[in-house]
Amino acid sequence: METKPVITCLKTLLIVYSFVFWITGAILLAVGIWGKVMLGPYISLIADNSTNSPYVLIGTGTVIIVFGLFGCFATCRGSPWMLKLYAMFLSLVFLAELVAGISGFVFRHEIKGTFHRTYTDAVLNYNAEDEASRAVDYLQHTLRCCGVYNYTSWFGSVYYPSNGIPASCCFNSSDCKPEDLRNATLALSKVYHQGCYELVTSFMETNMAIIAGVTFGIAFSQLIGMLLACCLSRIITANQYEMV
């Protein structure tokens, strides 16, 4: 009978942990949706190919929500095999999130070179129609910047000889005529002077650091759940205690 307080305490702690685990799943789901909606244009320019990172976060968050509920159910039932399955899942999540966090941290340091290459290529081959061109327009309009380093980056693009600098560079669209954008002297007074390179890399580095930090924190929290689930399963199995 002396194990009853221990089992009750472990059950309480594991239920609380499972609830917190469920919340982290909801957070990952929200971050994935936010990343897809808000960071989509940035990611499409930074990655050589389209990335599935937001979908991975959405899928992981959804799975964690389901298993968080499963953890609560397994704890209430006091089923050793269900608790072992829950601990196994937590170990897999720990490894996956650890790898994701390390990858995000490494990517944060490589972002400048990758973005410079892909964004420069997008500017030089800009046509105002494809996905990369729309992403460039979105960045310039949203961040109030123009070109890679400044508006002169557009002089070497295939778009400039016929159309001039894109209208997304204008700080006042109502006072930015097509003929002005084809004239380098007139365009100087109508477009943003700051380039997008430093703005975007700073923005992405900051957000990648936040995402990587949150991922590391969530990953190491799985160790607590694994320990609680394994201990509870072991005690229940050893004592064959009938849970209320």
**Prompt:** In square angstrom, rounded to the nearest 10, how much accessible surface does Trp34 have for a 1.4 Å probe?
**Reply:** 100
**Asked** Under a straight-distance cross-link criterion of Cα-Cα below 25 Å, which lysines are reachable from Lys112, leaving out those fewer than 8 residues away in the same chain?
**Response** Lys36
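Using a 1.4 angstrom probe on the protein heavy atoms only, line up Arg182, Arg234 by accessible area, largest first.
Values: Arg182 115, Arg234 185 Å².
Result of the area sort, largest leading: Arg234, Arg182.
Determine the equivalent ellipsoid of segment 101-227 by diagonalising the alpha-carbon gyration tensor, then write out the semi-axes as square roots of 5 times the eigenvalues, largest first, rounded to whole Å.
Numbers: eigenvalues 292, 36, 25 Å².
Ellipsoid semi-axes (Å, largest first): 38, 13, 11.
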**Asked** Taking Lys177 as the anchor, which lysines have their alpha carbon closer than 18 Å to its alpha carbon, excluding any fewer than eight residues away along the same chain?
**Response** Lys190
**Prompt:** For segment 51-206, which whole-number percentage of the solvent-accessible area (1.4 Å probe, protein heavy atoms only) is attributable to carbon and sulfur atoms?
**Reply:** 61
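Full extension from Thr237 to Leu95: what is 0.36 nm times the residue separation minus their Cα-Cα distance, to one decimal in nm?
Values: separation 142, 0.36 × 142 = 51.12 nm, distance 2.69 nm.
Gain on extension, Thr237 to Leu95, equals 48.4 nm.
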**Request:** Give me the lysines in straight-line cross-link reach of Lys11: C-alpha distance below 17 Å, same-chain residues under 8 apart excluded.
**Result:** Lys84
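Counting only heavy atoms of the protein chains, get the accessible area per residue of segment 101-227 (1.4 Å probe) and round it to a whole Å² value. Let's see the in-between values first.
On the way: 6500 Å² over 127 residues.
With all protein chains present, segment 101-227 gives 51 Å² per residue.
At 1.4 Å probe size, put Thr237, Thr118 in order of accessible surface, largest to smallest. Don't skip to the end; give the middle numbers.
Values: Thr237 60, Thr118 20 Å².
Of Thr237, Thr118, the descending order of accessible area is Thr237, Thr118.
Taking a 1.4 Å probe, which of Val123, Val56, Val214 shows the most accessible area, and what order do the others take after it? Mind showing how you got there, number by number?
Working: Val123 0, Val56 85, Val214 65 Å².
In descending accessible area the options line up as Val56, Val214, Val123.
The values are calculated or read from the model by the stated rules, or taken from the named source; none is laboratory data. What you are looking at is a predicted structure, and each value in this text was computed from that prediction instead of being measured. Protein only, heavy atoms only, side chains kept; ligands, DNA and RNA dropped before computing areas. Shrake-Rupley method; radii C 1.70, N 1.55, O 1.52, S 1.80 Å.
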